[in-house]
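What follows is one structure encoded as structure tokens, with my remarks underneath.
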Amino acid sequence: MNKKTKGVCLFLLCFALFASGCGTTASATVPTSSLETETTTTPTAPPTETAPSGEQDVNIIYDAPLAYVLDYPTFENPAINAEVEQFIAQRKEAFASTYTTTHPKKSTLTQKDCTSFLYISYESYVLDDSLLSVALFETQEDTLTNTSVENTFTLHFLAETGERVLETDLIQDGFYQKVSNYCIKYFTTTEPYKTRIYGDYATTLTPDSGVFDTFSLTNDGVVLYFEPYVLFPKSVGRVSITIPYEELLGTLSFLEQEPVTEPEEETEAPSTTLQQPEIRQLDPNKPMVALTFDDGPNVTHTNRILDALEENNAVATFFDLGRLAEAYPEVVQRELALGCEVGSHSYSHKNFDTLSAKAIAEDFAQTATAFERAIGIVPTLFRPPYGNANDFVKSQVPMALVTWSVDTLDWKSKNPTAIMDIVKNEGSLDGKVILMHGIYETSAEATEILVPYLLENGYQLVTISELLHYKHDATPEAGKLYGYYYFR
Ligand code: ZN
């Protein structure tokens, strides 16, 4: 994949915490997935993304009472660098003209004398190797008035020549109308946005309102950015949304000239090939239950869950994210080694109900490569993020879709007792699938209680494939949903 992103670096976050006592304003982009309610997908460690297309170059300047923390990319093309630097200089100037520049009356000034902070971070994307988009996320923070202002700017360049391309040159008639329609529909039907969007959103999202003038072009689609208070309360943070190109056909001039070609997925042969565990000999006449853990792997908490399973000679099914399998392959390898089943939970936890056929295919290709590299095999089971799989998604998914029949709400309660209470109040668990998440300490703690509890109560802990085999005499079929009613 040649989509390249660069998130807010940890260093910048640490600096923000230290400098102002408030780190939240610097965590610029709020991925839409991390806000959704089934679970939070923000990993404890910073996400390992593909390498940035620009070299990182953080400048920290103290000019008390002003301070600048500027993280912007440097590219091979000097023409692009000059444009980016010029833009950054303009933002510095605008910032300096807004806040007080009276120097404190001290001989030596340090960062502690700074009261106004300008943070800039970025993401950059290359579309089809030819168009480069740089999104610059700015936060202006003033500790004297306790205010912060956020802005997003995007710059576009032809990758080959470095020539700047304006947004207005990228779009054609109908773009704003289509984008407006899409955003209104998406934000009013998708959690958590639909319950938090301001009442006057229709006015904010009219085609000519100006909120759609800032966007990036990625291989996945057009990314739009919404600052706090524009559509949602500040607590929702800065929101970005990716609109698939299929939704915007005929309104993007760049795509008409340079159609996006399918990126070739190269699959390296892994050095060791691990086998998916075979169906074990179990007693089909005795009760069986399948534990499932989503959203991992997580080095700390998944390993603690695996410790609990190993101690009790039990197994579970892990629906891992391709992105995290890439980052922590040794954890996924251990899942397999202990006889657990590894399923896919997509590459990065997008809501599949909002994806195009092409986007779904790309997600599966990227996820397959991730698992192939991590464990040498591609999972055959898919748990759709948020459990969302409409008929279109089912028709596009090349794996069996597996949801659950007992939801422990572990992501919500973060309380082992509450998790245990839900399981205990479920009645017979025979043939059921229990949903948990492998990324919380409290879920790992609950697993340490739950696994012996289930064994003491006569249940055999099985994988999803084993459950299908023994309780339903079924082999997972691609495109078929095995869900709540199947596992009752
Ligand atoms: Zn999930």
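Read-outs throughout are calculated quantities, based only on the coordinates presented, and are distinct from any laboratory measurement. This is a predicted model, so every value here is computed, not measured. When we count neighbours, we look across all protein chains shown, and the Cβ atoms used for this are built from the backbone with ideal geometry, even at glycine.
From the Cα trace of segment 356-488, what convex hull volume per residue do you get, rounded to a whole Å³?
Convex hull of Cα atoms, per residue: 125 Å³.
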> Label-point separation (nm) for ALA361 and LYS234, each offset 7 Å from Cα along Cα-to-Cβ?
Replying inline: 4.6 nm
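Average projected area of the Cα convex hull of segment 365-417, in nm²? List each step's numbers first, then the result.
Numbers: hull surface 21.0 nm².
Mean shadow area of the hull around the Cα atoms is 5.3 nm².
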>> Give the lysines whose C-alpha is closer than 24 Å to that of LYS112, dropping any in the same chain fewer than 8 places away, or say none.
In response: LYS92
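Which links in LYS234/LYS412; LYS350/LYS412; LYS286/LYS394; LYS350/LYS432 stretch past 23 Å when you go from one Cα to the other? Write down the numbers at each step before the final one.
On the way: LYS234/LYS412 21 Å; LYS350/LYS412 19 Å; LYS286/LYS394 32 Å; LYS350/LYS432 26 Å.
Going by Cα-Cα distance, LYS286/LYS394; LYS350/LYS432 fall outside the 23 Å limit.
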> Which of the aspartates and glutamates could be linked to LYS194 by a straight reach, that is with a Cα gap under 19 Å, when you skip same-chain ones fewer than 8 residues away?
Replying inline: GLU36, GLU38, GLU227, ASP353
>> Test of understanding: what is the full-extension gain from THR145 to ARG164, defined as 0.36 nm times their sequence separation minus their Cα-Cα distance?
In response: 3.1 nm
>> Could you work out how much longer the chain between ARG196 and ASP113 gets when fully extended? Use 0.36 nm per residue separation minus the Cα distance between them, nm to one decimal.
In response: 26.1 nm
> Given labels modelled 7 Å from the Cα in the Cβ direction, how far is it in nm from ALA337 to ASP208?
Replying inline: 6.5 nm
>> Using amide H atoms built in the peptide plane, which far-off residues or other-chain residues are under 5 Å from ASN298 H to H?
In response: ASN303
>> Can you compute the modelled spin-label distance between THR300 and ASP430, with each label point 7 Å from Cα toward Cβ, in nm?
In response: 4.0 nm
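Find out how many positive minus negative residues lie around SER97, taking Lys and Arg as positive, Asp and Glu as negative, among other residues whose Cβ is under 15 Å from that of SER97. Numbers along the way, then the final one.
On the way: positive: ARG91, LYS92; negative: ASP63, GLU93, GLU138, ASP142.
Result for the local shell: -2.
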